[in-house]
Every structure is written in structure tokens, then in C-alpha cells.
Amino acid sequence: MGEHKVHIDQLSRDELESQLSTLQEEYRRLGAMNLSLDLTRGKPGQEQVALSDALDGILGGDYRSADGVDVRNYGGLEGLTEARQLFGEVLGAPVAETLVGGNSSLTLMYHVIDFALSEGLRGPASAWGNSDTVKFICPCPGYDRHFSICEHLGIEMITVPMLDSGPDMDVVESLVAQDERIKGMWCVPRFSNPTGCVYSDSTVDRVARLGLDSTAHFIVMWDNAYCVHNLYDDAPALASIRERAVQHGTADNIFQFGSTSKVTFAGAGVAFLASSEANLAALKAHLAFQTIGPDKVNQLRHVRFLQDQATLAAHMARHAERIRPRFECVLATLAKGLDGTGMGSWLAPRGGYFISFDARPGLAREIVHLASDIGVKLTPAGATFPYGKDPQDSNIRLSPTFPALADVQACAEAFVICVKLASVRQRLKKADAR
Ligand code: PLP
């Protein structure tokens, strides 16, 4: 239960001033502790990466894949068949629609967009770059590296609000229907980065239909980075976008992505994509100019290690054991300090890597500064919006997986003090201005 059950808007000036002096005192006390903490890194902790140490040496000199390929040699642009089988199942796609690449799904995403832009998914006449302006729908808050790809490639970004059920599809549908310059949309459908929401069945279905509303060559970038990253057994499932797309005849409009970056080794995992056979053929023809084939040795190591969906799920449960206490620590500290105060809102994700906090508008930057001044590094305010600009200056992404649990606790407590201090100061300033 919260310490301050009174909503900030109900506090009198005297009460605000009394809270201010207590908070300033607590803030000074934290400052004197010379903290050096970091809640910015959405990466697995050391104990988590160590869960996959058996990858090292797992081949034991046996370099033959199930279908007899010597994985040490060149070839196999689309990846090893047994890796396509395993990771295709993760994305809900058959082998023929799955490509397994190198260590980064972000690289695959960049390739797809760059290809659609400059070469065209169906030949030069279909290249998005034939138009002066190319736009993408970016549900916000979202993943900064998606936005950087667009910015780097000169794609204009249109923000759409995220709801608890996923992107606001009324807005998305009307935008896509009205503007043929919109060529795509980013989605992190399960345990979205950063809100942690899981797209509802109806949202998945509506996203799958978007290809019908748009002119040709619209694509959905379905980045399912956290598809197997449950923290609890009752974590909500995600409907299959492929099944819906096949029903609606829009399979060419969907590209699905995933990787083992947060399953095995973040820097040495395998990445995969699934799309229609026609899209895969077009993409492969382009990839063939860049590589003779991916690292099949690593793909085979991953297949031997992760084996099947049941073994993968058991492995992910071991990750969850390590992440869950960190999430619960942040959520309990937020609830204890801020529930009922009107100083912020957040979701309690059932999986993924992030907790997204919405402060009172106009305060995110200040909270991040206040924290930084006492040695607590938070993700820069605005990072979850295109061009680094949060129009409300409200969203802050918290990433509790990497630091030790004691540090997560200290960060969360300091964060709550900074939120309260900024909120009370803002209310007093507003009262003065009246
Ligand atoms: N997609 C999302 C939504 C992410 O949050 C991340 C990493 O944080 C990535 C992709 C990076 O994926 P990869 O390591 O496969 O390039």
C-alpha cells in the first residue's frame, strides 16, 4: 500500500511544502551516498547469459546437421533446415517461410526496409524510394532502434498511441487508408518495448488486415523480440499473425522477426525472420550479393542446445526466475511510493524486459536529470519516441534486468524520490503561477 494515499491534486499548499522539505532532505541523503547505478540497459544480466554456457563445445566435433550438411563450410543462404524448423515454430511459420541469419534481428529488419526502399520487394517499380516521401507508423512509446532505422533511411515517422491492447488501431487504420505514402508499421506485439503490453487478438487481426486497406507493398514489421520471454505461467498468449494474414490474403504484407539475443548470448545468438515464400525469394536474391551464407556452426549449436519448444520453454523459465525478482522489486517500490498519488502510471508486464513509467506531463526530463545528479542513470527521456521527442515529456523506460537485485532496489527507491520531488515542485510552481 502507498505511503501517501492523498492524490497530489488534493494536497494543500502547506502539505505540498511540507512534503517538499521532506523530499529534499531524502534527496540530499541519497546524493551523499555517492551512488553509481544504471537502470538503462535492456540487456540480460550475467547470471542469465551464463545459463547458455553449455553452447561452448556442445558440438563436440560433430559438425554435421541432421540433413548431412557440414556446417563448417560455405552455403545455405536461408540457414540450416533444422534451425529454420525450430525458430520457424517460435514465430508460427513453416520452414519454407523462415530464414535464419546471423546474430542480430535488427540487422535483418534493416535489410528488409533498405531492400523495400531501394530495390523493391517486387522489382524496381515497387521500390518505395520511387516516391519523394516514405512514411512509417510508429506506435509510441516504442523501441528507439526502430526509430533510428527510419531516421537513418530518411523515412518520416508518424506516431500512434499505444493502448493496453496494442496500437490504437482506429487511428492506424484511418491513417493507412488515407495516405498511400505510409509504407509500413513497427510492432513489438508481445511484451512490447517498453510498455510490456501484449496485443489483443482483435489488434492482431486488424494489423493483419492492414495490407488490404493500403496500396501495394505496405509491410508490417512484426518484431517479436520477446515472444518466448514470459515471466509468469499465466502470461497472455499472442494470436498468430501468420494465420490471420493467410486468412485475409495478406501474407506478403507481413515480416516477422525474432532472435535468441535474450535467450542465449546477446552478442552471439541467432536471428530469424518469417514471411511469404515470395518475399523470402526476393530477399534472398538480394542477400546473395552480401553473403555466401550465415554462421551455420552457431545455428547448429543453438539447435543442439535449445532442441525443441519444450526445452526452449524450460530454458526461458530459468531466465524468468532471475528476472522476476527484479521486476517485482521495481513494481512493489513504485506501488509503495506512488500508488494513489497521481504522480505516475505504469503497467505490470507479465513478461519482456521493460517497465514503462508515465510521469505527470512535462516531468520526464527533469526526473531523469534529478536521478542522474545523484548517480542513478535512467534511459534518456524521449528515447521511446521518434527523433527522441516525447511530446508530453512524460515517458521513462525502466530496464531492471542487468543490475544486481540490491542495485535495482536502490535505483527504484531513488527513482520514486525523484518522481515525487519533481511532481511536488511542479504543483507548487503551478500554484505560484495562479
Ligand atoms: N527488437 C526489440 C523490440 C528489442 O527490444 C531489441 C533489443 O533490445 C532488439 C530487437 C534487438 O534484437 P537483436 O539483438 O536480435 O538485434
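Could you check the range 344-434 for strands (runs of 3 or more DSSP E) lying wholly inside it with 1 or more residues that are crowded, with 19+ Cβ neighbours inside 10 Å and either polar (S, T, N, Q) or assigned by TED's automatic domain parsing to the domain that holds Ser148 (or both)?
355-359, 395-398
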inquiry  = Among the listed residues Gly92, Gly60, identify the single one that is touching a Lys or Arg at 6+ places or on another chain (Cβ under 8 Å), under 19 Å from Gln307 (Cβ atoms) and not aliphatic (A, V, I, L, M).
reply    = Gly92
request  = Quickly run through the range 103-146 and pick out the residues that are part of a loop (DSSP other than H, G, I, E, B), open to solvent by 30 Å² or more (accessible area, probe 1.4 Å) and closer than 28 Å to Gly196 by Cβ.
outcome  = Asn103, Ser104, Tyr143
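Going through the range 111-169 one residue at a time, which ones are charged (D, E, K, R) and free of Cβ contacts under 8 Å to residues at least 40 places away in the same chain? Lay out the reasoning, then the answer.
Taking the range 111-169 first, the residues charged (D, E, K, R) are 114, 119, 122, 132, 135, 144-145, 151, 156, 164, 168.
Asp114, Asp132, Arg145, Glu156, Asp168 - these are the residues of the range 111-169 that are charged (D, E, K, R) and free of Cβ contacts under 8 Å to residues at least 40 places away in the same chain.
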message = So, in the range 147-156, exactly how many residues are away from the ligand (no atom under 16 Å from the Cβ) and either crowded, with 19+ Cβ neighbours inside 10 Å or not acidic (Asp, Glu) (or both)?
response = 3
message = Step by step: first the residues of the range 62-114, then only those that are among the polar types (S, T, N, Q) and under 26 Å from Phe147 (Cβ atoms), then the one that is nearest to the chain's Cα centre (by Cα). Which residue is that?
response = Ser105
message = Cβ-Cβ under 7 Å, sequence separation 6+ or interchain: first residue in the range 266-284 and open to solvent by 10 Å² or more (accessible area, probe 1.4 Å), partner assigned to a helix (DSSP H, G or I) and within 14 Å of the ligand (Cβ to nearest atom). Which pairs?
response = Ala266/Val49; Ala268/Asn298
ask   = Are there any helices (runs of 4 or more DSSP H) wholly within the range 216-317 with 2 or more residues that are within 16 Å of Gly88 (Cβ to Cβ), at pLDDT 95 or above and within 15 Å of the ligand (Cβ to nearest atom), and if so which?
value = 296-306
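The values are calculated or read from the model by the stated rules, or taken from the named source; none is laboratory data. Computed from a predicted structure; not experimentally measured. Note that we place each Cβ from the backbone using ideal geometry, even for glycine, and neighbour counts take in every protein chain shown. Heads up: the accessible areas ignore ligands, DNA and RNA and are worked out on the full protein's heavy atoms, side chains in. Shrake-Rupley method; radii C 1.70, N 1.55, O 1.52, S 1.80 Å.
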